[in-house]
Amino acid sequence: MAISFYNEQVYMPSIKKTLMRDWIKRVVAAHGKRLGEISYIFCDDEKILEVNRQYLQHDYYTDIITFDYTVGDKISGDLFISLDTVRSNAELFKQSYDDELHRVIIHGVLHLCGINDKGPGEREIMEKNENEALEILSSMS
């Protein structure tokens, strides 16, 4: 089990990696899952657009792309996060950059835990789970 952080074409965001790992482990456990291998790849808009086009045939920018390699209840995946989009979304939603980054970091983990956000009513379920996870983080800080 491992949670790894990488950066491609951007500086590594100033996150507390040990705190992030502990938080992610708690959220995974709260969803009744086991932790496998999770890799975060922080990148820019151009890289995430390239990944979106190449692997998903989508021609748009996004904040996160989650590749799910989960088997059974052991979650694993690669999570590409565009720091450019995180920054612009933080401004759009009037959130701090750190708060928006934390939301996106846990959003991908929640996808790996089986929570979706594309179907009817699913977005609200995702937001509820994001908010609960963010409360866990704030209680740890």
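Just so it is clear, none of the values below were taken in a lab; they were calculated from the coordinates. None of the values given here were measured: they were computed from a predicted structure. Cβ placement follows ideal geometry from the backbone for every residue including glycine, while neighbour counts extend to all protein chains displayed.
Observations on the structure shown:
- Positive-end ranking of Ser4, Tyr61, Gly72 along the dipole of the range 2-140, with charges on Cβ about the Cα centre, is headed by Gly72.
- Exposure proxy ranking, count of Cβ atoms within 10 Å, fewest first, for Ser88, Ser141: Ser141, Ser88
- Rounded to the nearest 500, the helix-only mean residue ellipticity at 222 nm of the chain stands at -16500 deg cm²/dmol, with each DSSP H run of n ≥ 4 adding -39,500 (n - 2.57).
- All-pairs Cα distance distribution in the chain, expressed in whole percent, bin size 5 Å: 2, 10, 19, 24, 24, 15, 6, 1
- Neighbour counts of other Cβ atoms within 10 Å put Tyr40, Tyr11, Tyr61, Tyr55 in the fewest-to-most order Tyr11, Tyr55, Tyr61, Tyr40.
- Extending 7 Å from Cα along the Cβ direction at Tyr6 and again at Ser139 yields two label points whose distance is 3.4 nm.
- When the trypsin sites (Lys or Arg not before Pro) in the range 47-141 are filtered for DSSP coil states and for at most 15 other beta-carbon atoms within 10 Å of their beta-carbon, the remaining sites are Lys94, Lys118.
- Rounded Å value of the spacing that divides the Cα centres of the range 50-107 and the range 1-26: 13
- Antiparallel content of DSSP bridges confined to the chain, in %, to 5: 30
- Think of the chain as having a plus end and a minus end, set by charges on the Cβ of Lys, Arg, Asp and Glu; of Gly108, Leu92, Gly121, Gly108 sits farthest toward the positive end of this dipole.
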